[in-house]
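Peer 1: Here's a structure for you.
The values are calculated or read from the model by the stated rules, or taken from the named source; none is laboratory data. Every value quoted in this text rests on a predicted model; they were computed, and no experiment measured them. Cβ sites come from the backbone with ideal geometry, for glycine too, and all protein chains shown count toward neighbours. The accessibility values were calculated without ligands, DNA or RNA, using every heavy atom of the protein model including side chains. Shrake-Rupley method; radii C 1.70, N 1.55, O 1.52, S 1.80 Å.
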Amino acid sequence: MNAMADVKVIKTAAETALADTYALARERLPGNGAVAAQRAAAFDVFAREGLPHRRVEEWKYTDLRALMRDAKPLATPPDAAAKARAHTAGALIGDVECRRLVFVDGAFVPELSDTAALEAGLTVGSLADALSDNDAAVVGKIGRLAPASDVAVALNTALMGDGAVIRIGAGSTTERPLHLIFVASAKPAATFVRSLVVVEQGARAMLIESHEGPAGSEYQVNAALELFVGDGAHVDHVKIIGEGADALHVSTLAAAIGGKARFNAFTFTTGGAVVRNQLFLRFDGEETVAGIRGASLIKGKQHVDTTVVATHIARGCQSRELFKTVLDDEAHGIFQGRIIVRPGAQQTDAKMMTRALLLSDRAEADNKPELEIFADDVQCGHGATAGALDEELKFYLMARGIPAAEAEALLVEAFLGEAVEGIEHAGLREALMEQVAAWLAARGK
Amino acid sequence: MSLLEIKNLHVEIDGKEILKGLDLVVEPGQVHAIMGPNGSGKSTLAYVLAGKAGYEPTAGEVLLDGKNLFDMEPDERAAAGMFLAFQYPLEIPGVATMTFLRTALNAQRKKRGESELSTPEFLKKVREVAGKLGINQEMLRRAVNVGFSGGEKKRNEILQMALFEPRLAVLDETDSGLDIDALKIVSDGVNRLRAPTRSAIVITHYQRLLNYIVPDVVHVLSRGRIVKTGGKDLALELEARGYAEYQQEEAAA
């Protein structure tokens, strides 16, 4: 018998279902022509590679082929009840005053969104509309930043339904943060949202992206956002992953950052059964300063993978990464950070630090730092720590009258505080620390 | 009723007996000094009173105001009036000193069934106490003990003591590493707190601190037991003659 005959790619149920989903949906997904061709090419990547698994180095710790038992059908447009429930969505950020853009089950809901009286230079729209209208400015940019070879991105491109399209014109400032609220209803469905944000030269914008949904529903989210940051612009991007306890969440931020810009990215994760948070950041212009941070609080059997690829192309940029994870029960946290310094990126100053605080001896924290440096005049470094709560500190606090649970909470808040302090918006910092306090309070029960 | 009664206290650490039948009675209003050579069990006594994990008694009992200390967690002991000034106060990055002080004070008050202090009430009290002790307000704006000098850390311990107004303050070698000015601040803090209802145990290797905090009773601790008790003159005697005779006595026994 020919050995070759035995080599057969066995598709998982999820892979088969995703292929079926694409076959069924391709005719009615928004856009045609170039967009349809882009979808087809992206689907081919998936068809060839299948779902990422542990032998794919970038997905080593998050074996989607094993973790995704099935692929849910594409979400249908939200009904009135789902929209009504979404009225209160976005509470994860407390009472921070924002311009809300609400997406329910992946579809933009204008009546829940605040698109009136836009500041000069600000335009806001839906991706579905832009693709349907064959808006050249949008079509030309989609897929320019998100890596086409990444299967999660490829699936998003093949199946993207809706998302936000935002432009902040040169020199403009948004008065309030823009809050993209992605809320899932109870139906166990899949959404593929894709957003495009262009912040032009010298503009100032704060972007909050939050993801939430009910516990008890095994819904699946694949979200991607491509972000263009112009020269001299100042952009903050804060992503809050507060998905329901049974959700699968894969999201990608792909950004290209111009020169002399200020860029801050922050991810705050408490929700989801399986989370993969990817950041692909490219420093295209000189002398930009970037802070890339995150805080995660995970428990039960939660699996949260943060993967950051920072590519320095232009000279003289500074990037600082700081990711903190608190793990309880049997939670599994992963941090993969890669810093790439291209030959032209002399005087790059890139540092990466990740710290895990394990509240349970059954929790697991993995860390994989990688430096690929092709320039000789750079300062790059990485560090990682993982450990339990300091019992000496806890005793000191208790000896002053602070009960055990409260002492632990103080220490956890202090641990995460170092990362959260990197958020420039004071109200948002407070709101996230309240989320931390709520998580800790729930832990005590 | 005695404020503190230690009866036949035995403590093992990692299987080794450190305290071997210690007895001590402290009456309200008294200041006791416990002196002794290194390794005699002084710090072990301090930790076992505060309730540090790993410092559990194998025999004996300790009563604070008649209540069994070993039935209480460290935070409950603090609320009951126990205060340990640490020999090596810990740095707690990310925890603001004011947050720490307010959380601790209110946790103690709550446990005692007293009303919690509002933020303005608390601020007033801290400023008052810090002012009396000559403690720089700037110190209060930092994270707990982070970037503090050795002297500042000890002063912060005394500030906490003054703020919590404990029934029993145990000072574990609070004088170690202090210059004369810091020593005066620390002593002043302890002396201000002296009252007929409060007591203190001052653990020290040297007599120097006792020039400033004059004890009512002085004990010599050696090899896990109190081997001699006397008045304040005993401290001077020890300063002059050293601990050698007590260590020899113990070795001969």
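Peer 1: For A:Ala256, all conditions in the list (1) touching a Lys or Arg at 6+ places or on another chain (Cβ under 6 Å); (2) surrounded by 24 or more Cβ atoms within 10 Å (Cβ to Cβ) hold save one; what is the number of the exception?
Peer 2: Status for A:Ala256: all satisfied but (2).
Peer 1: Between A:Arg362, A:Arg429, which is out of contact with any His (no Cβ under 8 Å at 6 or more places or on another chain), more than 30 Å from B:Tyr88 (Cβ to Cβ) and away from chain B (no Cβ under 14 Å)?
Peer 2: Within the list A:Arg362, A:Arg429, the selection yields A:Arg362.
Peer 1: Also, I was wondering about something else. For the range A:312-331, enumerate the residues that are more than 27 Å from A:Arg262 (Cα to Cα) and without any contact (Cβ under 8 Å) to a residue 60 or more places away in the chain.
Peer 2: A:Leu327, A:Asp329, A:Glu330, A:Ala331
Peer 1: Looking at (1) in a loop (DSSP other than H, G, I, E, B); (2) in contact (Cβ under 8 Å) with a residue 12 or more places away in the chain; (3) facing another protein chain (nearest Cβ under 9 Å), can you tell me which one B:Arg77 breaks?
Peer 2: (1)
Peer 1: State all residues of the range A:253-289 that are polar (S, T, N, Q) and not in a strand (DSSP E or B); if no residue qualifies, say none.
Peer 2: Passing the criteria: A:Thr270, A:Thr288.
Peer 1: Under the condition of being in a strand (DSSP E or B) and in contact with a Gly (Cβ under 9 Å, 6 or more places away or on another chain), which residue from the range A:325-338 is nearest to A:Ile313 (Cα to Cα)? Walk me through it before giving the result.
Peer 2: To start, the set of residues in the range A:325-338 that are in a strand (DSSP E or B) comprises A:325-327, A:332-338.
Next, only the ones that are in contact with a Gly (Cβ under 9 Å, 6 or more places away or on another chain) stay: A:325-327, A:335.
Values: A:Thr325: 29, A:Val326: 33, A:Leu327: 35, A:Phe335: 23 Å.
Checking each candidate, the answer is A:Phe335.
Peer 1: Got a number for residues in the range A:33-59 being among the charged types (D, E, K, R), surrounded by fewer than 17 Cβ atoms within 10 Å (Cβ to Cβ) and either part of a helix (DSSP H, G or I) or in contact (Cβ under 8 Å) with a residue 12 or more places away in the chain (or both)?
Peer 2: Matching residues across the range A:33-59 total 5.
Peer 1: Here are the criteria: (1) more than 9 Å from every other protein chain (Cβ to nearest Cβ); (2) open to solvent by less than 50 Å² (accessible area, probe 1.4 Å); (3) in contact (Cβ under 8 Å) with a residue 40 or more places away in the chain. Tell me which single one B:Leu69 does not satisfy.
Peer 2: Result: B:Leu69 passes all but (3).
Peer 1: On to the next question. Answer yes if at least one residue in the range A:415-422 is away from chain B (no Cβ under 13 Å) and of a type in the set (Val, Ile, Thr), and no otherwise.
Peer 2: No: zero hits.
Peer 1: Of a type in the set (A, V, I, L, M), in contact with a Phe, Trp or Tyr (Cβ under 8 Å, 6 or more places away or on another chain), at negative phi and open to solvent by 20 Å² or more (accessible area, probe 1.4 Å): does that describe A:Leu112?
Peer 2: Working: of a type in the set (A, V, I, L, M): yes; in contact with a Phe, Trp or Tyr (Cβ under 8 Å, 6 or more places away or on another chain): no; at negative phi: yes; open to solvent by 20 Å² or more (accessible area, probe 1.4 Å): yes.
For A:Leu112, the condition - of a type in the set (A, V, I, L, M), in contact with a Phe, Trp or Tyr (Cβ under 8 Å, 6 or more places away or on another chain), at negative phi and open to solvent by 20 Å² or more (accessible area, probe 1.4 Å) - is not met.
Peer 1: Something else: Return the residues of the range A:74-95 that are within 22 Å of the chain's Cα centre (by Cα) and either over 21 Å from A:Thr270 (Cα atoms) or surrounded by 20 or more Cβ atoms within 10 Å (Cβ to Cβ) (or both); say none if nothing qualifies.
Peer 2: A:Leu74, A:Ala75, A:Ala86, A:Ala89, A:Gly90, A:Leu92, A:Ile93
Peer 1: Also: Identify all residues within the range B:1-44 that are touching a strand residue (DSSP E or B) at 6+ places or on another chain (Cβ under 7 Å), of a type in the set (Val, Ile, Thr) and in a strand (DSSP E or B); write none if there are none.
Peer 2: B:Ile6, B:Val11, B:Ile18, B:Val25, B:Val26, B:Val31, B:Ile34
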